[in-house]
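Nothing in this text is a laboratory measurement; each read-out follows from the coordinates by a stated rule. Since the structure is predicted, the reported quantities are computational estimates derived from the model, not experimental observations. Using ideal geometry, Cβ is built from the backbone for each residue, glycine included, and neighbour counts are taken over all protein chains shown.
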Amino acid sequence: MAHTTTTTLNTLLRGELSAVETYQQALAKLDDTKGAAELRRLHAEHREAANTLRQHVHQHGGQPDQGSGAWGVFAKAVEGTAKLFGNDAALKALKEGEEHGIKEYQKALQEKDLPADCRTLIASKLLPQAREHIPVLDRFMAGLVERISPQKARPRVASGDALLVCGYDDDEKFQQNHLEGAISLAEFESQADTLPKDREIIFYCA
């Protein structure tokens, strides 16, 4: 059981180490953004969670892992999407990482042999903390989005100064919500490398 316990704890530890790395990358791009203090708090909480999990691995006779885990995918997404789509996309990658972490904690709680101290740590602290991060990121993203009325958007798109993008991955939803002059999200992603850096991008959804 000790082996299973340390394996589970190390899986969670790798996730927290990846979260720390991912937030570090995000803060390098967003540190001068309004509300960055909240991101720094989330970063600190992931660092504290990693330290706590490291201690629990030791207490259960294991050796804490040093490397990061699946969040590494989101770390790369933060680096890549921030360059391509800007801060909002980087924050969405952070949110996806948080959601992945929540699933890992929920999965750990389903293990019948998980010791009581580990179960209490996850259920009372680590999982609620991860869940609390989601609305923080949502508020941050909402504050970064510059909203524009249809009346103001229409002449910008008509003149070619702005590109209108339907914010749906699904082709059926794109067809259902298509507006004159709009391109799909997939088409936008395929053109992103060739678009002028000063081109205004207007996203919309139903």
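Here S159, S18 are placed in order of increasing Cβ neighbour count within 10 Å, fewest first, which gives S159, S18. Cα extents for the stretch 150-204 along the principal axes, largest to smallest and rounded to whole angstrom: 29, 28, 12. For I201, the amide hydrogen comes within under 5 Å of the amide hydrogens of L163, counting only partners 5 or more places away or on other chains and with H modelled in the peptide plane.
Past the 28 Å Cα-Cα mark, which pairs from K152/K173; K34/K173; K95/K152? As for pairs spanning more than 28 Å Cα to Cα, those are K34/K173; K95/K152. Rounded to the nearest Hz, the phi-derived 3J(HN,Hα) couplings of the stretch 108-121 under the Karplus curve 6.51 cos²θ - 1.76 cosθ + 1.60 (θ = phi - 60°) are 4, 5, 7, 6, 5, 8, 5, x, 4, 5, 5, 4, 5, 4, where x marks glycine and proline. The charge dipole of the stretch 150-204, taken about its Cα centre with unit charges on the Cβ of Lys, Arg, Asp and Glu (plus for the first two, minus for the last two), comes to roughly 380 debye. The Kirkwood radius of the stretch 123-177, taken over pairs of alpha-carbon atoms, gives through the Stokes-Einstein law at 10 °C and 1.306 mPa s a diffusion coefficient of 108 µm² s⁻¹.
Here the relative contact order of the stretch 150-204, from alpha carbon pairs under 8 Å that lie six or more residues apart, stands at 45 percent.
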